[in-house]
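In what follows, a structure is listed as structure tokens, so that the remarks can point back to it.
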Amino acid sequence: MKILVCIKQVPDLESRFKPNAEGVWYSETDLAWRMNEYDEYAVEQAVQLREKLGETTELTVLSIGPERVVEAIKKALAMGCDRAVHVRDSAAAAKDPWQIASIIAAYAKREGFDLIFAGMQSQDRGSAQVGVAVAEQLGYACTTTIVGFEYDNGAITAKRELEGGMKGVVRMKAPALITCQLGLNVPRYPTLPNIMKAKKKEISVIPVAELLTEGALANTTSFHSPAKKGGGVVLEGEVDLLVSQLLGILHEKTAVFR
Amino acid sequence: MKALLIGEQREGKLLDSTYELFGFAAQLGAETAMLLVGSESQLPAYSGTLYLADAASCGEYNPDLHKQLLLEAVQRENPDCIVFMHTSYGWDLAPRVAASLKIAQVSEVTGIVGGGLEVGCCNAKMRRTVKPATPKTVITIQAGAFPAGQPGGAPQVQRLAAAANGRLEFVGYEPAEKKEVDLTKAEVIVSAGRGVGKKENIPVVRALATALGGELGASRPVVDSGWVEHSHQVGTTGQTVSPRLYVACGISGAIQHLAGMKKADFIVAINKDKDAPIGEIADVLVVADVLQFVPALTAKIQR
Ligand SMILES: Cc1cc2nc3c(=O)[nH]c(=O)nc-3n(C[C@H](O)[C@H](O)[C@H](O)COP(=O)(O)OP(=O)(O)OC[C@H]3O[C@@H](n4cnc5c(N)ncnc54)[C@H](O)[C@@H]3O)c2cc1C
């Protein structure tokens, strides 16, 4: 059995974002990078399944992006993926979800995976399209936003998360793609021995030109800060001073101390 | 300009958010038609064309089938845009339709600006303006971003039936976990977010809640990590609250959290990041480390 997990490297979301030279995405200067949170759940689920199914199963991790994404790939390998594919693309951030999906689908078509895991969305772009679009391009069954997963001999039972804490249970057969949601599992921390082992695992590099055939269907024309809604007070300074300032405001504006 | 709006029913009940689709269409200045897979007893008050497929035979969640129905309605209406709510139903179905038609999709739209669509990015900290490059567009809109429309009237129903079976079998719904804490009645809620750092620090936030005579709330990662029980979760997949005072400790302000608490009368956020999006809705943003500020605040209140 062959499993693929798709990951994206994203900036630390606590960073301060500034527009790039074109003004259509963030500038990469001074950013720290990590694996997209939703993808960590995808990797963990894929690794758990790989462990359950044993040596006859091969788990590949794929990431598209410039050289820096190798860090995220290495983490996935240290978590337990068997091999990796780095689709090298220095302009990945300028591609739309349809193009990203078509690149993944073009690779997956060559390999014929039984199961594909992806995050439900990226934390930076947040379009929640790529996973589903890959499934559509491959003609795979697909469900999204899962918080529960079971696999038994080609049959998948997945629990989808709906609004208000309600869930929907769905069954389907491989080949299939699922997108993973927060709370699906607790992603493991790679251990030192596994980090060492991961160094010997294969990372094959594919230039994006080999896989890209599609043009963009949508374009970003501007990247900017939200318009300030105003009204809010921002308090900065010494903790003791902040405490009395806040208490003053609460006394004046709310009834909690009355 | 014509918009095909995709309504939504859950367990046979029309979702209120369906009316936000009309609000969006009105801002767009678009004519409308609607598609709904649901039961006839719960139709929207709307006098336009309603393509109706029966949920009893098509299922409420059967994306393969719903996609077919939708493509049929698109064929008949030839709309310029196909609009969903950005819900678990919408974000699941929309990309399938966009891929089938090979047209642009713009997700979780929050506004319409000069020929483009505004969407959030970087965990709601920043915004993008997106312009579709295809004649038709699939759009999902953020819940609460557009005021609900009140079209009124009774729809002209056109029935649709799907030909095949889907590849997904819907087994059933599971109700939300029972709530041990009813946050909806709390006058004061003090919530812990991931910025609290670790489970051992939760008592710091709980102490402030107690000092203010309120309840402990939490963001989702805090619940997912098992620091706080699920019944304390605030947000789209937790509880929707409207206390007189809401204090967010180390919470960034993702839309799914805001959806659960933005109706609070007064919002205080404590965050070390001055740019955290929670600042957009907070009445007071205290730029500080939760672990320094919160204990100091609690001590002063107790005095
Ligand atoms: C379908 C769906 C449904 C969801 N439902 C919900 C829901 O119901 N409720 C919910 O809450 N989320 C929900 N989420 C998750 C949501 O998108 C966010 O991931 C989540 O709200 C983030 O929680 P947080 O703010 O605690 O953590 P983070 O986003 O990680 O933010 C932590 C914040 O703490 C600050 N911070 C860090 N350290 C300190 C410190 N020492 N002192 C002060 N500040 C500090 C940081 O600056 C940051 O702003 C949902 C997501 C999806 C996709």
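No lab work stands behind these numbers, since they all come straight from the coordinates. As the structure is a prediction and not an experimental result, all values here were calculated from the model. Quick reminder, even Gly has a Cβ in these numbers, built from the backbone with ideal geometry, and neighbours come from all protein chains shown.
Going by how many other Cβ atoms sit within 10 Å of their own, how do B:T32, A:T213, B:T140, B:T134 line up, fewest first? Don't jump to the answer; show the numbers that get you there.
Values: B:T32 24, A:T213 10, B:T140 28, B:T134 16.
Ranked by crowding around the Cβ, least crowded first: A:T213, B:T134, B:T32, B:T140.
What base-10 log of the normalised intensity I(q)/I(0) is obtained for region A:145-207 from the Debye formula, alpha carbons as equal point scatterers, at q = 0.14, 0.25 Å⁻¹?
Debye intensities relative to I(0), on a log10 scale: -0.65, -0.97.
Under the 0.36 nm per residue contour assumption, what length would be gained going from the current alpha-carbon distance of A:E111 and A:E150 to full extension?
Contour length minus Cα-Cα distance gives 11.7 nm.
Report the Cα centroid-to-centroid distance between region B:1-30 and region A:146-198 in angstrom, as an integer.
Taking the Cα centre of each part, region B:1-30 and region A:146-198 sit 31 Å apart.
Give the dimensionless ratio obtained when the Cα radius of gyration of region B:250-303 is divided by 2.2 N^0.38 Å. Write down the numbers at each step before the final one.
Details: Rg = 11.8 Å, N = 54, 2.2 N^0.38 = 10.0 Å.
In units of the globular-protein estimate, region B:250-303 measures up at 1.17.
Would you mind working out the magnitude of the charge dipole of the protein assembly as shown relative to its Cα centre, with +1 at each Lys and Arg C-beta and -1 at each Asp and Glu C-beta, to the nearest 20 Debye? Walk me through the numbers before you get to the answer.
Numbers: 59 positive and 63 negative charges, 104 e Å.
In total the dipole reaches around 500 debye.
Could you work out how far apart the two model spin labels at A:E202 and B:A56 are, taking each label as a point 7 Å from the Cα in the direction of the beta carbon, and quote it in nm?
Distance between the two pseudo-spin positions: 5.6 nm.
Helix B:90-101 against the longest principal axis of chain B: what's the angle in degrees, Cα atoms only, rounded to the nearest 10?
Around 40 degrees separate the two axes.
Would you mind checking the pairs A:K18/B:K199; B:K125/B:K263; A:K167/B:K131; A:K159/A:K201; A:K173/B:K179; A:K159/B:K178 and listing those with alpha carbons more than 26 angstrom apart? Show your work: numbers first, answer last.
Numbers: A:K18/B:K199 33 Å; B:K125/B:K263 20 Å; A:K167/B:K131 34 Å; A:K159/A:K201 32 Å; A:K173/B:K179 34 Å; A:K159/B:K178 18 Å.
Beyond 26 Å between Cα atoms: A:K18/B:K199; A:K167/B:K131; A:K159/A:K201; A:K173/B:K179.
What are the radius of gyration and Dmax of region A:109-148, computed over its Cα atoms and given in Å?
10.8, 29
Rg(Cα) of region B:183-302 divided by 2.2 N^0.38 Å?
0.91
I'd like the Kirkwood hydrodynamic radius of region B:184-253, using the inverse of the mean 1/r over distinct C-alpha pairs, in Å.
On the way: mean 1/r = 0.0862 Å⁻¹.
For region B:184-253, the Kirkwood estimate is 11.6 Å.
Once you've got the GNM for chain B with C-alpha springs shorter than 10 Å, pick whichever of B:M126, B:M85, B:M261 has the biggest mean-square fluctuation.
So, out of B:M126, B:M85, B:M261, the one fluctuating most is B:M126.
Distances over 48 Å make up what percent of all Cα-Cα pairs in the protein assembly as shown?
So the portion of pairs separated by more than 48 Å is 10 percent.
Can you work out the FRET efficiency for the pair A:K2 and A:D240, with r the C-beta to C-beta distance and R0 = 45 Å, to the nearest 0.05? Please report the intermediate quantities before stating the final value.
Values: r = 60 Å, r/R0 = 1.34.
E between A:K2 and A:D240, to the nearest 0.05, is 0.15.
State the antiparallel share, in %, of DSSP beta bridges confined to the protein assembly as shown, rounding to the nearest 5.
On the way: 39 of 120 bridges.
Here the share of antiparallel DSSP bridges comes out near 30 percent.
Please report, to one decimal in angstroms, the Kirkwood hydrodynamic radius of region B:122-210 built from all distinct Cα-Cα pairs.
Values: mean 1/r = 0.0482 Å⁻¹.
Computed over region B:122-210, the radius equals 20.8 Å.
Quick one: order A:C81, A:C6 by neighbouring beta-carbon count within 10 Å, fewest to most. Spell out each step's value before the answer.
Working: A:C81 26, A:C6 29.
Sorted ascending by nearby Cβ count, the order is A:C81, A:C6.
If you line up the long axis of helix B:18-28 against the longest principal axis of chain B, both from Cα atoms, how many degrees apart are they, to the nearest 10?
Roughly 80 degrees between the two axes.
Using 1/(1 + (r/R0)^6) with R0 = 30 angstrom and r between the beta carbons of B:A26 and B:R244, what's the FRET efficiency to the nearest 0.05? Can you show the working numbers first?
Values: r = 33 Å, r/R0 = 1.11.
E(calc), rounded to 0.05, equals 0.35.
If you bin the C-alpha pair distances of chain A every 5 Å from 0, what whole percents do you get?
Bins of 5 Å from zero give 1, 5, 12, 15, 17, 14, 11, 8, 6, 4, 4, 3, 1, 0 percent of pairs.
To the nearest 10 degrees, how steep is helix B:63-77 against the longest Cα principal axis of chain B, on a 0 to 90 scale?
Relative to chain B, helix B:63-77 is tipped by roughly 60 degrees.
Expressed as cubic angstrom per residue, what is the convex hull volume of the alpha carbon set of region B:2-160?
On the way: hull volume 16.5 nm³, N = 159.
Expressed per residue, the convex hull around the Cα atoms of region B:2-160 is 103 Å³.
Determine the equivalent ellipsoid of region A:67-208 by diagonalising the alpha-carbon gyration tensor, then write out the semi-axes as square roots of 5 times the eigenvalues, largest first, rounded to whole Å. Provide the component values of the computation, followed by the final result.
Details: eigenvalues 122, 78, 51 Å².
Working from the Cα gyration tensor, I get semi-axes of 25, 20, 16 Å.
Over its Cα atoms, what ratio of radius of gyration to 2.2 N^0.38 Å does chain B give? It would help to have the intermediate numbers written out before the result.
Numbers: Rg = 21.7 Å, N = 303, 2.2 N^0.38 = 19.3 Å.
Normalised Rg, Cα atoms only: 1.13.
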